[in-house]
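Q: The structure under discussion is supplied below as structure tokens; questions concerning it will follow.
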Amino acid sequence: MARVLISMPEAFLKNIDEVAENENRTRSELIREALRTYINRNKIRNNSLAKQNAQLLDTLLD
């Protein structure tokens, strides 16, 4: 597995660690899950925009 070095404010890291501890996860597991969720939401958002644009184009071309 690759390692990634990121910078963040100490207070933010403290919040991450608290959530990870409450969920009995490692910091890495929590951050991976957060990024997976972000990526999936972004895909859904992009698909929705593509559908809206296609419908608009269909309307304009009719």
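Q: If each DSSP helix of 4+ residues adds -39,500 (n - 2.57) and the sum is divided by the residues in the chain, what number results at 222 nm, nearest 500 deg cm²/dmol?
A: -27500 deg cm²/dmol
Q: May I pose another question? Mind giving me the nanometre distance, one decimal, between the label points for residue 1 and residue 42, set 7 Å out from Cα along Cα→Cβ?
A: 2.0
Q: How far, in degrees from 0 to 90, does helix 27-61 lean away from the longest principal axis of the Cα atoms of the chain, to the nearest 10?
A: Approximately 10 degrees, to the nearest 10.
Q: With everything on Cα atoms, drop me the angle between helix 10-22 and the longest principal axis of the chain, reported from 0 to 90° to the nearest 10.
A: Helix 10-22 sits at roughly 90 degrees to that axis.
Q: Sticking with this one: To the nearest whole percent, what portion of all C-alpha pairs in the chain is separated by more than 19 angstrom?
A: In whole percent, the long-distance tail amounts to 54.
Q: Grab the other residues whose beta carbon is less than 12 angstrom from that of residue 26, score K and R as +1, D and E as -1, and report the net.
A: -2
Quick note: the coordinates plus some simple rules give every number you see, no bench work behind them. The model shown is predicted, which means the values in this text are computed figures rather than measured ones. Note: ideal-geometry Cβ built from the backbone for every residue, glycine included; neighbour counts use all protein chains shown.
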